[in-house]
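K.L.:
Structure incoming, see below.
Bear in mind these aren't lab numbers, they're just calculated from the coordinates by the rules spelled out. Predicted model, so just to flag it, every value in this text is computed and none were measured. FYI the Cβ positions are ideal-geometry reconstructions off the backbone, even for glycines, and counts take in every protein chain you see.
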Amino acid sequence: MADGPAAGRRKSRRSAYRGAALLVRRLSGDAHRAPFQPGADRVNDRVVRDDGAPSGGSTANLFILAPNNSGSTFLARALAQSSGALSLPREGQHVPGFHGPSTRGTGTRLLWAADPGAIALFRDPTAFDWIRTQRAWLFHAEAASPDASILVVASPPFVLYADQLRAHFPDAKFLIMVRNPYAVVEGICRRADPGPIPPGEDRRVVAARHVITAMRYQRDNVAALGDRSTCFTYEAMCDTPGAIEHAIAALIPALGDVTLDQRIKVKSLYDEPLRNMNADQIARLSRDDITAINSVFASDHELLESFGYRLIEA
C-alpha cells in the first residue's frame, strides 16, 4: 500500500501548506507567528472579518455530523486530502480557541448524549461564541492547495446542535453519518474510561442510551437539513466507497477528488485500508451484552429500522 496513490497524496501533504499561520507567513513574508488581528489575518488568500467570516473569498464550512465511534475521524482525514479542503489537526471542539462546551471540558467523553443534563450543556446556545470559534478554526486550518475553499470540521457532539451550526453558518453543508448501533456500543464499552456511569448503572445500558439518543438527533438532522446535507451509513462508506464519493461530490463539487478507499491512520488505534469492522466488534458482544443493550434498543426498533438496522436477538 505504501507505493500506491494514497502514499503519493501523503507525500504531497508533507509539502502542503501547514496551517493558517504558515499561509500568513507565505503571503506576508513574516517568519514569526503573530497573534490574531481581527480583520487582518489572511487565511488561504482570504481576509477574516471581525464576524469570523472570510472576506473576499468563497470559503464555506462542511460539518461532519456523526456520533463517536462511527468512522468520522477516518472520513475527516480522507476529506482532508482533497485539494479543495481546509482541514483541522483535531476535532473542532478540541482546537485551541474553540468557544463552547467540549467532551473533555464537560467530562462526558464518549457518553455526551447519555442523559438530559449532559445534552443541556451542549444545546445551550449561550455557551458558544461562533465568531471567535470560526476565527480559531481558520487560523489552525491546513490545506493541500492554495485554492482550497471548504473548511471540513468534525466533532461528535455537533449531532446535538446542528441547528446552531445551520443558523450561524448559512452557506454550510453537512455530511450525516450513522453506524450499526451495536458496534458503536461495543466500541464505547471496550474503553477503560468511556465517561460518567451513574452509580448502580450498567455501562452497556448507559452506552446504549447514548447511542439511541444520538440516532434520534440524527433523524431530526436529516429532516431539518434537507438539501444542505447528504446522509449515509458507515457501512456504505466501507462497502461502497465510490458511491459515497459521488454523493459527497454532488453536495460539494470542490471535494470531487476525494478518495475513501485508502489507508489512513486513525487515533493511533489502527493503520490499515478502509474496511467494515462491524462483524469483529459485534462478535465480541456476549448474549448477556446484547440483552442489556436491547433493554434500551427494543422500544426504539422503528428508529433503528429507519436507518436500515434491526435488533439482534440474544
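K.L.:
Just for strands (runs of 3 or more DSSP E) wholly inside segment 205-312: which have at least 1 residues that are surrounded by fewer than 17 Cβ atoms within 10 Å (Cβ to Cβ) and basic (Lys, Arg)?
P.N.:
Fully inside segment 205-312 and qualifying: 263-266.
K.L.:
Exactly one of (1) over 13 Å from Ala208 (Cβ atoms); (2) touching a residue at least 40 places away in the same chain (Cβ under 8 Å); (3) touching a helix residue (DSSP H, G or I) at 6+ places or on another chain (Cβ under 8 Å); (4) not hydrophobic (A, V, I, L, M, F, W, C) is unmet by Asp257. Its number?
P.N.:
(3)
K.L.:
Same structure, new question: I'm trying to understand the selection: among the residues of segment 187-204, which are within 20 Å of the chain's Cα centre (by Cα), surrounded by fewer than 23 Cβ atoms within 10 Å (Cβ to Cβ) and in a helix (DSSP H, G or I)?
P.N.:
Gly187
K.L.:
Okay, moving on. Consider segment 76-108. How many of its residues are in contact with a helix residue (DSSP H, G or I) (Cβ under 6 Å, 6 or more places away or on another chain) and either hydroxyl-bearing (Ser, Thr, Tyr) or more than 28 Å from Ile244 (Cβ to Cβ) (or both)?
P.N.:
9
K.L.:
Restricting to segment 79-128, name every residue that is surrounded by 16 or more Cβ atoms within 10 Å (Cβ to Cβ) and over 27 Å from Ile197 (Cα atoms).
P.N.:
Residues satisfying the conditions are Leu79, Ala80, Gln81, Ser82, Ser83, Gly84, Ala85, Leu86, Ser87, Leu88.
K.L.:
What number of residues within segment 66-78 are crowded, with 22+ Cβ neighbours inside 10 Å and within 18 Å of Arg263 (Cβ to Cβ)?
P.N.:
So the count comes out to 5.
K.L.:
Kindly indicate the residue of segment 163-175 that is surrounded by fewer than 22 Cβ atoms within 10 Å (Cβ to Cβ) and under 17 Å from the mean Cα position of the chain (by Cα) and also farthest from Asp288 (Cα to Cα) among those meeting that condition.
P.N.:
Residues of segment 163-175 surrounded by fewer than 22 Cβ atoms within 10 Å (Cβ to Cβ): 163-173.
So of that shortlist, the ones also under 17 Å from the mean Cα position of the chain (by Cα) come out as 163-166, 169, 172-173.
Details: Asp163: 37, Gln164: 39, Leu165: 39, Arg166: 41, Phe169: 45, Ala172: 43, Lys173: 41 Å.
The extreme case among them is Phe169.
K.L.:
Is there a residue in segment 176-183 that is aromatic (Phe, Trp, Tyr) and either under 16 Å from the mean Cα position of the chain (by Cα) or surrounded by fewer than 16 Cβ atoms within 10 Å (Cβ to Cβ) (or both)?
P.N.:
no
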